[in-house]
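Each reported figure results from applying straightforward, stated rules to the coordinates on display, with no laboratory input. The shown structure was predicted, so the numbers you read here are calculated from the model rather than taken from an experiment. Every residue, glycine among them, receives a Cβ derived from its backbone with ideal geometry; neighbour counts consider all protein chains shown.
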């Protein structure tokens with residue numbers, strides 16, 4: 001029975017151990033506890049040596065493996081393993097006092113031994129390398145140095161080397177440190193070669209210099225370092241000559257140097273250095289070609305007139321004779337300059353030609369600004385804006401160019417000469433900063449436009465009150481306008497409006513006068529009323545407002561006055577003529593002066609009466625001629641009758657008598 005119980009206890013312990021192993025595997029797989037896949041602390045019964053010399057009472061609690069095991073082997077599992085033991089029928093032992101004393105003493109000694117053994121096999125905790133303290137041991141420092149060096153980073157390799165380089169053979173960790181120092185020195189050598197192959201020869205040399213004389217491979221490192229130092233000096237000399245050739249554009253010299261580099265031994269020269277210098281030469285030649293293309297764009301055929309191109313050629317010839325490069329005058333049109341700047345901006349920034357290209361772009365940008373300033377002085381503001389806006393943003397003069405844009409735009413708005421436009425002009429010119437070269441000019445213009453704004457405000461107020469079209473408001477508008485200086489731009493504009501307002505006032509006044517005169521005439525066409533109306537309106541001349549209308553009315557009234565005054569005279573003359581006194585009638589009718597309303601009518605009567613008198617006189621003349629003929633004086637009669645004019649009513653009769661009388665004279669002449 002006892003054997004069967006012991007067998008059952010053994011089976012139970014094996015079962016508990018299998019459960020423990022299963023729990024450990026599950027915990028490790030799930031990450032619940034941090035256990036290595038194979039831990040000597042758990043998988044081996046061999047005692048572990050204390051490699052670091054740790055000895056403390058809580059070493060077991062600090063061991064992560066032991067701590068992990070305690071999480072798995074909990075109280076329940078422990079109870080399951082121990083419970084079967086209580087079922088054993090163990091014999092009862094009765095101890096006397098001395099036996100009990102020795103049993104306790106044996107237990108104490110055994111417990112001390114077991115505790116000591118557990119402390120010896122406990123693995124010390126891994127040092128925390130994030131914060132090494134001054135009191136940290138060399139083993140901790142070495143461990144952390146090795147962890148850092150494993151990253152292959154040069155600063156951490158340097159720190160690791162500096163830690164052990166001064167350790168002597170008396171140091172407990174000397175052998176381990178020498179092994180690691182050799183390993184780290186080789187790592188530094190490999191890092192240096194990578195830097196060398198990348199063209200960083202100075203960095204490569206600096207990396208090799210980290211290796212101390214105490215390194216096992218120090219001598220070999222010094223040989224490598226000497227070779228690299230020679231290469232560094234040669235590289236500096238060759239690069240200086242090569243860069244000098246490219247700066248001056250001496251492509252032949254640069255190509256010769258490049259060929260010599262290609263023939264040198266070593267991957268640094270024939271590989272990296274040659275490729276780098278070849279690429280540099282290609283970039284530089286392309287850059288200088290683009291720079292020359294940009295310069296050529298300034299002297300295109302149609303960029304300027306014939307005289308300008310001829311002048312450039314003359315300067316070029318003179319400069320060539322002196323062995324100098326001529327600085328040709330820039331074109332006066334913006335298009336070739338803009339094209340040249342775009343071409344210059346295509347130059348590779350890594351080339352030497354780039355600096356000259358940017359210098360020329362700044363110079364050409366200044367020329368564009370100067371062209372714009374010339375147009376500004378000519379008050380051609382829109383064209384000035386169009387040119388200065390072509391200045392690119394990446395040149396130093398761009399800010400000044402934008403200030404010129406603001407100033408020209410302000411002039412354009414101010415030129416509109418109305419209130420809101422002037423406000424906009426002032427707002428634009430205010431944006432020009434104090435640091436601008438045209439700040440003083442801008443402030444002067446701002447002051448002028450502010451004065452103009454004040455004057456325009458006065459003009460606007462004058463226009464507003466003048467719109468009421470009343471003599472008082474028009475007079476007030478004129479007084480307001482007089483406050484604006486006549487020599488100012490607004491003053492010159494306002495003078496024409498003042499003239500208009502004065503004519504409006506005069507028109508209103510003249511309309512009132514005309515209305516009053518017509519009221520007088522409307523009372524009756526008496527001579528007194530007509531004369532009063534003419535006297536009132538007659539002062540207004542034809543060139544004054546409503547002058548034509550008033551002059552027409554006055555002429556009508558004057559004609560009526562003259563008719564009233566001259567009609568009795570003409571009637572008297574007619575009556576006299578009807579009495580047969582034509583001469584008296586003519587004398588009376590001639591009293592009507594020329595230009596008066598009845599003058600033409602009177603003169604018509606006078607002409608009629610004059611014909612009547614002439615007819616009477618001509619009849620008397622003809623009668624006298626007939627009487628003389630009867631007296632036998634035919635020639636005398638003919639002469640007298642011939643005095644009757646063609647316009648006389650009896651001219652035909654007189655000509656008949658004369659013709660007959662001449663016939664009478666002819667036979668007598670023949671007979672004689």
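Answer rounded, prolate or oblate for region 584-630, using the Cα gyration tensor with square roots of eigenvalues a ≥ b ≥ c: rounded when a/c is under 1.5, else prolate when a/b is larger than b/c, else oblate. In terms of gyration-tensor shape, prolate. As an equivalent ellipsoid, region 203-260 spans semi-axes of 35, 10, 6 angstrom, where each value is the square root of five times an eigenvalue of the C-alpha gyration tensor, largest first. Seen from every direction in turn and averaged, the convex hull around the alpha carbons of region 607-672 projects onto 4.2 nm².
The value obtained for region 361-429, namely the Cα convex hull volume divided by the number of residues, is 66 Å³ per residue. A crude spin-label estimate for the pair residue 292 and residue 355, with each label 7 Å from Cα along the Cβ direction, gives 2.1 nm. Estimated at 0.36 nm per residue, the fully extended path between residue 493 and residue 610 surpasses their Cα-Cα distance by 35.6 nm. Short to long, the 5 Å bins of the Cα pair-distance histogram for region 136-248 hold 2, 12, 20, 19, 15, 10, 7, 5, 4, 2, 1, 1, 0 percent of all pairs. Each listed q (0.15, 0.22, 0.23 Å⁻¹) maps to a log10 I(q)/I(0) for region 396-463 from the Debye sum over equal C-alpha point scatterers, namely -0.45, -0.83, -0.88.
Taking 0.36 nm per residue of separation and subtracting the Cα-Cα distance, full extension of the segment from residue 630 to residue 464 would add 49.9 nm.
Each label point was placed 7 Å from the Cα along the Cα-to-Cβ direction; for residue 500 and residue 556 their separation is 3.1 nm. Just so you know, the Rg over Rh for region 542-672 is 1.32, from Cα atoms, with Rh as the Kirkwood radius. Full extension of the segment from residue 575 to residue 544, taken as 0.36 nm per residue of separation minus the current Cα-Cα distance, would add 6.7 nm. Rounded to the nearest 0.05, the FRET efficiency derived from the C-beta distance between residue 209 and residue 129 at R0 = 35 Å is 0.85.
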